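The values are calculated or read from the model by the stated rules, or taken from the named source; none is laboratory data. All values derive from a computational prediction rather than experimental measurement. Using ideal geometry, Cβ is built from the backbone for each residue, glycine included, and neighbour counts are taken over all protein chains shown. Quick note on the areas: whole protein, heavy atoms, side chains included, nothing else; ligands and nucleic acids left out. Shrake-Rupley method; radii C 1.70, N 1.55, O 1.52, S 1.80 Å.
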Amino acid sequence: MTDLLLKNVRIVTPDRDDPVEADIALADGRIERVGLGLSGAAEVIDGGGRLAFPGVVDAHQHWGIYNPLPADAASESRASAQGGVTTALTYMRTGQYYLNRGGPYAEFFPEVLAQAEGRAYVDYGFHLAPMSGAHIAELPELVERFGVPSFKIFMFYGGHGLHGRSDDQRSFLMLPEGERYDYAHFEFVMRGVEALRRARPDLAGEISLSLHCETAEIMTAYTRLVEKAGELRGLAAYSASRPPHSEGLAVFVAAYLAHETGLATVNLLHLSSDKAMDAAVRMAATFPEIDFRREVTIGHLLADVSTAAGIGGKVNPPIRPRADVEALWGHVLGGTVDWVVSDHACCRDEAKFGEPRDDVFLAKAGFGGAEYLLPGLISEGRRRGLPYGRIAALTSWNPARRFGLRGKGTLAPGYDADLCLVDPEHAWTVRAQESESAQEYTPFEGFPMTAKVTDTFVRGHRVLESGKIVGPPVGRYLRRPGR
């Protein structure tokens, strides 16, 4: 028998621009039927004509980076549900932050799973970063034993710190004696990932490597220039210290290394500027054999260096001037962006700000924002003419396909019953105090929104009702590829 019937909703799917009226029947955690005039359910919910979106697959979060992982899994998954997120894929690595330890993933990752288990309100998975040569050798086991087919390189870590200039990256990364985190290591990671794809042709399209593209040497030099000149402050200074051409150059290097190693599945993360996107598009044309995917964050689409609410908006790569924001929107509307994410990294006030509090170079990088992902993209995107169906593709279908979430990403029979109800006419103003996140501030403070997520369902369990978290945590760890 049908467990739950959603009546009187307008369904948004990635295969058509406009929503259609229909009912949705849910049973055993999956979508059973979609159509008009459905009946026969243990529970019926009247959707009141709201939009039913596929649950957001937020493919870029960071649980446990600044707070204990068990705490983040709880509070930040609740914030995610407020933004329509039903699946969070979070980046994890050895070294300082996260679990603050090195060593093999065979020992490290089970502890990650144990600390997150039973605490999340949304489903979750992990991307892992091969930081050492031993980690590259572990790649097949990470797929087979743990169901992790997606990996990451932080291109600037070898020579520039997480928050700014650094002369001691070896201890930060906790690398084995004699190893370096440099271009050669990136090449060997790519060769390892491509060897894994060739060994598993059945999973080749779902095994991929993501790259944070910035160039350490340029950022270090420009940080000195900006600090010496003393003309810029706040987010404008930080953007200038990590200039857009640093992103563009890193994209070129990453693309050529992928070409050299034969790696065909590359994800370019949180592209923040016109130059970065231009480089990404040029490299896709130069190397058509590589399946590049291009990611943008909601933060880089909503805020610029002047509108973000203070240096709480410090993030890597930086929030940019308005011209870059408009360029990113041009790529979203033009179809050259593949998915939009939050890059959610809860950094509480006591950790975020240095002394003095207004020195951007002393602040930590990163902030939360998953709770504004779908509302923000609808609010700003619809104003610019972005179709509802394209929003569903950017937030659900595209990342689900790339990252092996075979049962997620759309509202159709057989798929997981992950969805959210959205009131597209609900005007509201962002206030950090209304978020479920443990973060006390937001760079989006005071931003106007025109759409509100009212209800979120994870595999048929309602975890957000009328804008409030309800029930116990129901999130599960997702082995990928799944179903």
Which condition number in (1) more than 20 Å from the chain's Cα centre (by Cα); (2) open to solvent by 10 Å² or more (accessible area, probe 1.4 Å) is the one that Tyr441 fails? (1)
Across the stretch 355-372, what is the number of residues that are open to solvent by less than 20 Å² (accessible area, probe 1.4 Å), in a loop (DSSP other than H, G, I, E, B) and either of a type outside the set (A, V, I, L, M, F, W, C) or more than 18 Å from Tyr238 (Cα to Cα) (or both)? 3
Between residues in the stretch 184-204 that are more than 17 Å from Arg145 (Cα to Cα) and of a type in the set (Asp, Glu) and residues that are assigned to a helix (DSSP H, G or I) and open to solvent by 10 Å² or more (accessible area, probe 1.4 Å), which pairs lie under 8 Å by C-beta distance while being six or more apart or on different chains? Glu187/Leu257; Glu187/Glu260; Glu187/Thr261; Glu194/Thr261
Scanning the stretch 21-32 for residues that are closer than 25 Å to Gly389 by Cβ and open to solvent by 80 Å² or more (accessible area, probe 1.4 Å) gives Glu21, Arg30
Considering the stretch 229-242 alone, what residues qualify as being touching a helix residue (DSSP H, G or I) at 6+ places or on another chain (Cβ under 7 Å), outside any helix (DSSP H, G or I) and open to solvent by 10 Å² or more (accessible area, probe 1.4 Å)? Leu232
Here the qualifying pairs (Cβ atoms under 9 Å; residues six or more apart or on different chains; first in the stretch 401-414 and closer than 22 Å to Ala204 by Cβ; second basic (Lys, Arg) and at pLDDT below 95) come out as Leu405/Arg483; Arg406/Arg483; Gly407/Arg483; Lys408/Arg483
Please verify whether the stretch 260-268 includes one or more residues that are closer than 19 Å to Ala323 by Cα, crowded, with 21+ Cβ neighbours inside 10 Å and out of contact with any Cys (no Cβ under 9 Å at 6 or more places or on another chain). no
Could you say whether any residue in the stretch 372-388 is among the charged types (D, E, K, R), modelled with pLDDT of 95 or more and within 24 Å of Asp72 (Cα to Cα)? no
Would you mind finding the one in Leu99, Leu89 that is touching a helix residue (DSSP H, G or I) at 6+ places or on another chain (Cβ under 9 Å), of a type outside the set (Val, Ile, Thr) and either open to solvent by 10 Å² or more (accessible area, probe 1.4 Å) or assigned to a helix (DSSP H, G or I) (or both)? Leu99
Can you name the strands (runs of 3 or more DSSP E) wholly within the stretch 1-83 that have at least 1 residues being more than 22 Å from Gln439 (Cα to Cα) and not aromatic (Phe, Trp, Tyr)? 2-11, 20-27, 30-35, 41-46, 51-54
Could you please tell me which pairs satisfy a Cβ distance under 7 Å, a separation of 6+ or placement on different chains, a first residue in the stretch 8-24 that is within 18 Å of Ser396 (Cα to Cα), and a second residue that is outside any loop (DSSP other than H, G, I, E, B) and open to solvent by 80 Å² or more (accessible area, probe 1.4 Å)? Arg10/Glu21
Residue tally, condition under 13 Å from Phe53 (Cβ atoms) and in a loop (DSSP other than H, G, I, E, B), over the stretch 373-387: 1
Verdict on Gly118 being part of a loop (DSSP other than H, G, I, E, B) and either touching a Phe, Trp or Tyr at 6+ places or on another chain (Cβ under 6 Å) or in contact (Cβ under 8 Å) with a residue 40 or more places away in the chain (or both): yes
Please verify whether the stretch 375-398 includes one or more residues that are touching a helix residue (DSSP H, G or I) at 6+ places or on another chain (Cβ under 9 Å), open to solvent by less than 10 Å² (accessible area, probe 1.4 Å), closer than 18 Å to Thr297 by Cα and basic (Lys, Arg). no
Among the residues of the stretch 415-435 satisfying the criterion of being over 30 Å from Val34 (Cβ atoms) and touching a helix residue (DSSP H, G or I) at 6+ places or on another chain (Cβ under 7 Å), which is surrounded by the most Cβ atoms within 10 Å (Cβ to Cβ)? Ser435
In the stretch 280-316, anything on the phi < 0 side of the Ramachandran plot, among the small types (Gly, Ala, Ser) and in contact with a Phe, Trp or Tyr (Cβ under 9 Å, 6 or more places away or on another chain) is listed as Ala280, Ala284, Gly299, Ala303, Ala308, Ala309, Gly312, Gly313
Looking at the stretch 194-201, is at least one residue at pLDDT 95 or above, open to solvent by 50 Å² or more (accessible area, probe 1.4 Å) and assigned to a loop (DSSP other than H, G, I, E, B)? yes
Sort out which residues of the stretch 243-255 are crowded, with 19+ Cβ neighbours inside 10 Å and part of a helix (DSSP H, G or I), and write them in order of number. Pro244, Ser246, Glu247, Gly248, Leu249, Ala250, Val251, Ala254, Ala255
